[in-house]
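K.L.:
One structure, pasted below without further comment.
The values are calculated or read from the model by the stated rules, or taken from the named source; none is laboratory data. Note that this is a predicted model, so its numbers are computed, not measured. Counting neighbours? That spans all protein chains shown, and the Cβs are built from the backbone with ideal geometry, glycine included.
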Amino acid sequence: MKKVLLGSLLVCTLSLVACSNNGDEEDTTAASTESKTEVTAAGYEEEGQDVAEMSFKDGKLETDYMKMSIDKTQVAHDNTMDEDGLVIWYTIENTSEDNIVPSEEWYLFTAKQQDDSTEYNLTDDIGYFNSAEALYPTEDENGEFVDDASWDEADANQTEFRNEYEEPADNELLPGKSKQFATGINLNNTEKPVIIQVGEEFPTSNNEEYKINLN
């Protein structure tokens, strides 16, 4: 009878120790999770402060990792698609220690244009206008191919334009390097100006509208 009683007491004692240890582990885990949460929140706030240093004024964007400027623009017409567009030449300087893809930096911007009654959001059209064909057409206004000599010249100019401005924009710009690129935006019309601005979702210290007059 004593052996049975002692055995029961031993089992109870072990159970209490195990429960106590589990409780300690849960407390430690909770404390660890809370600590990680606080660190993450602090890091997010710090990143937010870095983003807030972004400034866009007079067509020039400055961030903590790159500088970008709109250099010149030109209205052009793509005969193959019968579309009007705005070709934009821009320069990016990579001031960070990492590679960046220049064409992807347009995600920071919005583009808008009005007609006599409506405002249109052109943001999703950035990068989708065929600038090379519009600047150096291989088809005339009637949709017919130009003569052979003109076609050969236009094709060579298109290749040179893409190699110089568009292909590098879709690849990685090295740290400390600066280069000019080009992109195109489909237009709603060729009379009203296009307004470029950093998107409202991005905190900025300065965010001016940049008006591009088409005439």
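K.L.:
Taking Thr138 as meeting all but one of (1) polar (S, T, N, Q); (2) touching a strand residue (DSSP E or B) at 6+ places or on another chain (Cβ under 9 Å); (3) free of Cβ contacts under 8 Å to residues at least 24 places away in the same chain, write down the number of the exception.
P.N.:
Only one criterion in (1) polar (S, T, N, Q); (2) touching a strand residue (DSSP E or B) at 6+ places or on another chain (Cβ under 9 Å); (3) free of Cβ contacts under 8 Å to residues at least 24 places away in the same chain is unmet by Thr138, namely (3).
K.L.:
Going through the range 87-133 one residue at a time, which ones are crowded, with 20+ Cβ neighbours inside 10 Å, over 12 Å from the mean Cα position of the chain (by Cα) and assigned to a strand (DSSP E or B)?
P.N.:
Passing the criteria: Val87, Ile88, Tyr90, Ile92, Asn94, Ala111, Gln113.
K.L.:
To continue, here is another question. Can you name every residue in the range 150-192 that is assigned to a loop (DSSP other than H, G, I, E, B) and among the charged types (D, E, K, R)?
P.N.:
Glu167, Glu172, Lys177, Glu191, Lys192
K.L.:
OK, next. Being closer than 16 Å to Tyr107 by Cα and in contact with a helix residue (DSSP H, G or I) (Cβ under 8 Å, 6 or more places away or on another chain): is that true of Thr183 here?
P.N.:
yes
K.L.:
Among the residues of the range 194-209, write down those that are over 14 Å from the mean Cα position of the chain (by Cα), surrounded by 15 or more Cβ atoms within 10 Å (Cβ to Cβ) and not hydrophobic (A, V, I, L, M, F, W, C).
P.N.:
Within the range 194-209, Thr204, Asn207, Glu208 qualify.
K.L.:
For the range 193-211, name all the residues that are β-branched (Val, Ile, Thr), assigned to a strand (DSSP E or B), closer than 22 Å to Val101 by Cα and out of contact with any helix residue (DSSP H, G or I) (no Cβ under 6 Å at 6 or more places or on another chain).
P.N.:
Ile196
K.L.:
Give me the pairs: first residue in the range 101-126 and under 21 Å from Pro168 (Cα atoms), second residue among the β-branched types (Val, Ile, Thr) and part of a helix (DSSP H, G or I), beta-carbon distance under 8 Å, and six or more apart or on different chains, which are they?
P.N.:
Correct list of pairs: Phe109/Thr123.
K.L.:
Any residue at all in the range 135-149 that's among the aromatic types (Phe, Trp, Tyr) and assigned to a loop (DSSP other than H, G, I, E, B)?
P.N.:
Checked against the condition, which is being among the aromatic types (Phe, Trp, Tyr) and assigned to a loop (DSSP other than H, G, I, E, B), the range 135-149 yields at least one hit.
K.L.:
Filter the range 149-181 for residues that are in contact with a Ser or Thr (Cβ under 6 Å, 6 or more places away or on another chain) and hydrophobic (A, V, I, L, M, F, W, C); which is surrounded by the most Cβ atoms within 10 Å (Cβ to Cβ)?
P.N.:
Among those that are in contact with a Ser or Thr (Cβ under 6 Å, 6 or more places away or on another chain) and hydrophobic (A, V, I, L, M, F, W, C), it is Ala169.
K.L.:
Can you name the residue in the range 37-75 that is aliphatic (A, V, I, L, M) and farther than 28 Å from Ser131 by Cα and, of all such residues, is modelled with the highest pLDDT?
P.N.:
Ranking the candidates gives Met54 first.
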